[in-house]
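To keep things clear, I will list the structure first and then write my remarks on it.
Here, each number is a calculation from the coordinates, and none is a lab measurement. These numbers come from a predicted model, not from an experiment. Note that we place each Cβ from the backbone using ideal geometry, even for glycine, and neighbour counts take in every protein chain shown.
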Amino acid sequence: SVKNDTLYQRLGGAAGIEAVVDASLKRVHGDLRINIFFENTDVPDLRRLLIEQICAASGGPCVYSGRSMEEAHSGMNLSDRDFDIFVEDLIAAMNEVKVPAPLQQELLGLFGPMRPQIVGQ
Ligand code: HEM
């Protein structure tokens, strides 16, 4: 039933999550406000880890194999504004691939609390 489905299932499983991540990365890379942070980043690697992380956090059959959020963002000294812009791009991407608003809120609810582990590292 829809009621008992995991967020992973409701997002459309692996294909749904890949669509969100691809649309997000495209927006982030085109976003002059924050894309400089990604200039030395291995994009296929980041893509794979983001997919894994969302899959695992939403109840899907994945194990996140990346670094902790503190470690992954250390040395970047990201500001709250950088974080907000990243989230803005994520929301635009979710709208683009037609993730329903309540599911968007659920996904943001999983990642919003990571702000203190990501900002100022
Ligand atoms: C909820 C917000 C965020 C989440 C869930 C997230 C998640 C991740 C993950 C899973 C990785 C890969 C970890 C690894 O390499 O082991 C990563 C790396 C990275 N993140 Fe984030 N991130 C967030 C916010 C941001 C923001 C706001 C920025 C910059 C504006 C950013 C910039 C980067 C960069 C540049 C890397 C690659 C680091 C490298 O090349 O070594 N992230 N992030």
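Observations, loosely collected:
- For the chain: relative contact order, % (alpha-carbon pairs under 8 angstrom, 6 or more apart): 35 percent
- 0 to 90° range, to nearest 10: angle between helix 43-57 axis and the chain longest Cα axis: 50 degrees
- Across the range 7-21, rounded Karplus estimates of 3J(HN,Hα) from the backbone phi angles (6.51 cos²θ - 1.76 cosθ + 1.60, θ = phi - 60°) give 4, 3, 5, 5, 6, x, x, 4, 5, x, 5, 4, 5, 5, 5 Hz, Gly and Pro being marked x.
- Relative to the current alpha-carbon distance between residue 92 and residue 41, full extension at 0.36 nm per residue lengthens the span by 16.2 nm.
- Segment residue 48-residue 67, length gained on full extension (0.36 nm per residue, minus Cα span): 5.6 nm
- Of the chymotrypsin sites (Phe, Trp or Tyr not before Pro) in the range 27-121, the ones in a loop by DSSP (not H, G, I, E or B) with at most 16 other beta carbons within 10 Å are 64.
- The HN-Hα couplings worked out from phi for the range 61-77 by the Karplus form 6.51 cos²θ - 1.76 cosθ + 1.60 (θ = phi - 60°) are x, 10, 10, 6, 10, x, 7, 5, 5, 4, 5, 4, 10, 6, x, 8, 6 Hz, whole numbers, x standing for Gly and Pro.
- Two-site label geometry, residue 105 and residue 76: point separation in nm, points 7 Å out along Cα→Cβ: 2.7 nm
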